[in-house]
1. For region B:239-250, how many residues meet the condition of being under 12 Å from B:Ala218 (Cα atoms) and outside any strand (DSSP E or B)?
2. Suppose the filter is surrounded by fewer than 17 Cβ atoms within 10 Å (Cβ to Cβ) and among the hydroxyl-bearing types (Ser, Thr, Tyr); does A:Thr227 pass it?
3. Select, from A:Ala17, A:Ala75, A:Ala38, the only residue that is crowded, with 22+ Cβ neighbours inside 10 Å, in contact (Cβ under 8 Å) with a residue 40 or more places away in the chain and on the phi < 0 side of the Ramachandran plot.
4. Which numbered condition in (1) small (Gly, Ala, Ser); (2) surrounded by fewer than 21 Cβ atoms within 10 Å (Cβ to Cβ); (3) touching a Leu at 6+ places or on another chain (Cβ under 6 Å) is the only one that B:Ala51 fails?
5. From B:Pro224, B:Pro236, which residue is in contact with a Cys (Cβ under 8 Å, 6 or more places away or on another chain), closer than 22 Å to B:Phe128 by Cα and assigned to a loop (DSSP other than H, G, I, E, B)?
6. Give me a count of the residues in region B:140-154 that are surrounded by 15 or more Cβ atoms within 10 Å (Cβ to Cβ), without any contact (Cβ under 8 Å) to a residue 40 or more places away in the chain and within 14 Å of another protein chain (Cβ to nearest Cβ).
7. Just to be sure before I move on: is A:Phe193 touching a residue at least 24 places away in the same chain (Cβ under 8 Å), in contact with a helix residue (DSSP H, G or I) (Cβ under 8 Å, 6 or more places away or on another chain) and surrounded by 15 or more Cβ atoms within 10 Å (Cβ to Cβ) in the structure I sent?
8. Please pick out the residue among B:Leu132, B:Leu176, B:Leu156, B:Leu198 that is over 17 Å from the mean Cα position of the chain (by Cα) and under 30 Å from A:Phe116 (Cβ atoms).
Number of protein chains: 2
Amino acid sequence: MNCNVPTDIVFSFTGFAMRGGRTDIHHDGWGIGFFEGAGVRLFVDHQAAVASPVAELIKRYPIKSKNVIAHIRKATHGHVALENCHPFVRELWGRYWVFAHNGELNDFNPTLNGPFRSVGGTDSELAFCFLLQELRARFGDHAPALPLLRAALAELVRAIAAYGSFNMMLSDGTALFAHCSSKLCYVVRQHPFLTASLSDEDMSVDFAQVTTPQDRVAIIVTEPLTTNESWTSFAPGELKVFVDGMPLEDSLA
Amino acid sequence: MNCNVPTDIVFSFTGFAMRGGRTDIHHDGWGIGFFEGAGVRLFVDHQAAVASPVAELIKRYPIKSKNVIAHIRKATHGHVALENCHPFVRELWGRYWVFAHNGELNDFNPTLNGPFRSVGGTDSELAFCFLLQELRARFGDHAPALPLLRAALAELVRAIAAYGSFNMMLSDGTALFAHCSSKLCYVVRQHPFLTASLSDEDMSVDFAQVTTPQDRVAIIVTEPLTTNESWTSFAPGELKVFVDGMPLEDSLA
């Protein structure tokens, strides 16, 4: 989720969490990272999301954030353990970066010769460490402007995606980068707001009741979360950058 | 807390959390980091611990861990914000490191020229980044053996403590390092276990009922948590290393 004002994710998370063991087979752990200012709240659990008391807490406690990344895991590489749950967090350039990956990489064995090392055993954490290592190698100790960062990321994710499937999301709390290898789609919720109904749970919400006309929220997912909104599919190989609740035009990013 | 088997911290945390706004003045946020294998669960909140729904969850949900670091904040340097809540987490040598600081550093402005940068505005996070930067500068890309690590840390924390008060705890999930500038004490709970009564809340627990004779748990705090256990004070300037629920002899560490 990427928004122009801090927004709670209770509605979308409720549907999403059902996929962790009830309406889908992703039951090998889950996690969610919320930016709050420069800080991050990260909740990870190696229990299925449907059974997790921490997931229960998040459904009840409306944490407001402009950038949220959530993930439900089906173990492929790396066993079921806390250190293998997404999202992963590292610090680069004095900002936290939050990363989650859907898909599978094969024979991806980059050399990590810098300060970012994997703690767990997933292909995903390896890809994240490699991304940050290469960004630091290109731009040194200072964050580049967004267009430069986007161009570098586009090149790096393309190189990684050559090893398999690399649907991924990455955020530093100001922008959300989303790359589609095989499946990703998004919806932008903005004025005039409608009532949305979850695909995975019998629940609807009239967003007009809980928003102001200025609010704008982008939700990016592998599978649409609602049945009555118009989701836009990414093209395979596409990297989109979301800022303030909408995708930037490619020419501006 | 440092233990030889994964142990829940519900009892000690219940008393500790009372200090976040009820029995003490530390009400500017709190946090707790639990190692689970190589992974870390980190809960931080800029609300007072007594008012926090996340603290409520931890009191009810017995997360078991061999190394836990918790902190309740009274803001000195850095405003009340999530990014300024302890403990802080970074990765070095493919392990997560969890750090918390009690006290205040003045005119401490080291140059951070490596990969560890502060996200927030506290003297504490700066000290943590400096520690990791200097450890990496000394030992390169591979973790040294514990005696070498301990010697390097002893030197570094002494240098930092010269800038003020630096009671601190640091763990990589295998050992817990505790340094006393002005106040720190510990108790080792082991067979035969006794009943302990909290100082900050009307609550007792008979540890004999919830342990096996092999269990050993060290609790290290700035102020004793119980009224009827024998707490050992650190000497000012002392760095102790806890492994498997007990302090290592200085000659072994």
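Every read-out reported here was derived from the displayed coordinates using simple, explicitly stated rules and does not represent laboratory data. As the structure is a prediction and not an experimental result, all values here were calculated from the model. Here Cβ is always computed from backbone atoms with ideal geometry, including for glycine, and neighbour counts include all displayed protein chains.
1. 3
2. yes
3. That would be A:Ala17, the only listed residue that is crowded, with 22+ Cβ neighbours inside 10 Å, in contact (Cβ under 8 Å) with a residue 40 or more places away in the chain and on the phi < 0 side of the Ramachandran plot.
4. Unmet for B:Ala51, out of (1) small (Gly, Ala, Ser); (2) surrounded by fewer than 21 Cβ atoms within 10 Å (Cβ to Cβ); (3) touching a Leu at 6+ places or on another chain (Cβ under 6 Å): (3).
5. Details: B:Pro224 fails: closer than 22 Å to B:Phe128 by Cα.
From the options B:Pro224, B:Pro236, the qualifying one is B:Pro236.
6. Residues flagged as surrounded by 15 or more Cβ atoms within 10 Å (Cβ to Cβ), without any contact (Cβ under 8 Å) to a residue 40 or more places away in the chain and within 14 Å of another protein chain (Cβ to nearest Cβ) within region B:140-154 amount to 0.
7. Details: touching a residue at least 24 places away in the same chain (Cβ under 8 Å): no; in contact with a helix residue (DSSP H, G or I) (Cβ under 8 Å, 6 or more places away or on another chain): yes; surrounded by 15 or more Cβ atoms within 10 Å (Cβ to Cβ): yes.
For A:Phe193, the condition - touching a residue at least 24 places away in the same chain (Cβ under 8 Å), in contact with a helix residue (DSSP H, G or I) (Cβ under 8 Å, 6 or more places away or on another chain) and surrounded by 15 or more Cβ atoms within 10 Å (Cβ to Cβ) - is not met.
8. Values: B:Leu132 fails: over 17 Å from the mean Cα position of the chain (by Cα); B:Leu176 fails: over 17 Å from the mean Cα position of the chain (by Cα); B:Leu198 fails: under 30 Å from A:Phe116 (Cβ atoms).
Within the list B:Leu132, B:Leu176, B:Leu156, B:Leu198, the selection yields B:Leu156.
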